[in-house]
Amino acid sequence: MAERENRRGRGRNREDETPEFADRLVAINRVSKTVKGGKRFGFAALVVVGDQKGRVGFGKGKAKEVPEAIRKATEQAKRQMIRVPLREGRTLHHDIEGRHGAGKVVMRTAPEGTGIIAGGPMRAVFEMLGVKDVVSKSIGSQNPYNMIRATIDGLNKESSPRQVAARRGKKVADILKKDEAPAAEAAEA
């Protein structure tokens with residue numbers, strides 16, 4: 001019987017399905033509900049998932065046990081992934097600002113060797129995204145949920161020179177500055 005279930009796919013491991021994704025637990029919150037017999041505890045988990053090559057997503061899960069909450073959050077994060085264009089696979093193309101509620105984040109491009117200068121939840125997003133060099137600042141809300149949502153909002157606004165050129169009906173060389181144009185043409189070839 002176990003052999004039959006395994007063939008149908010019920011018994012397979014999660015690692016076999018998506019081995020290319022890495023995940024990072026950002027926050028875990030214990031909540032309690034007071035009932036007649038005492039208190040019932042539950043857990044809420046916030047997880048960031050990414051392939052470290054330009055795709056990232058976040059999810060939250062709630063359950064009575066911590067591992068189950070993390071599993072639910074990871075599944076939701078995999079369903080909500082976004083693709084972000086990166087310059088040279090290591091930094092952002094331009095400075096961006098993201099907002100969610102009272103949370104505001106500012107993300108700036110950085111030269112090679114700078115590293116990830118970001119706090120807490122933003123660092124997790126950049127590491128799972130695959131960004132190597134970025135300078136960022138969180139202003140306003142310090143709530144990890146709002147910080148991650150603001151970061152994802154900003155990353156959604158980013159566009160590469162190729163996307164801008166296609167939108168405006170021009171060539172990439174026309175979009176970039178004079179000193180960046182030869183480097184961009186060499187990268188496209």
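The values are calculated or read from the model by the stated rules, or taken from the named source; none is laboratory data. Everything numeric here is computed off the predicted structure, so don't read it as measured data. Counting neighbours? That spans all protein chains shown, and the Cβs are built from the backbone with ideal geometry, glycine included.
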(Q) Tell me whether the range 130-141 contains one or more residues that are closer than 17 Å to GLY54 by Cβ, at pLDDT 90 or above and assigned to a helix (DSSP H, G or I). (A) no
(Q) Taking the criterion of being under 28 Å from LYS137 (Cβ atoms) and at pLDDT below 90, would at least one residue in the range 38-52 satisfy it? (A) yes
Q. With respect to VAL48, is the statement that it is of a type outside the set (D, E, K, R), in contact (Cβ under 8 Å) with a residue 60 or more places away in the chain, not assigned by TED's automatic domain parsing to the domain that holds ALA165 and not in a loop (DSSP other than H, G, I, E, B) true?
A. yes
Q: Give me a count of the residues in the range 74-122 that are without any contact (Cβ under 8 Å) to a residue 40 or more places away in the chain, not in a strand (DSSP E or B) and not polar (S, T, N, Q).
A: 12
Q) Of the residues PHE41, PHE21, PHE58, which is outside the structural domain of ALA124 (by TED's automatic domain parsing) and exposed (fewer than 13 other Cβ atoms within 10 Å of the Cβ)? A) PHE41
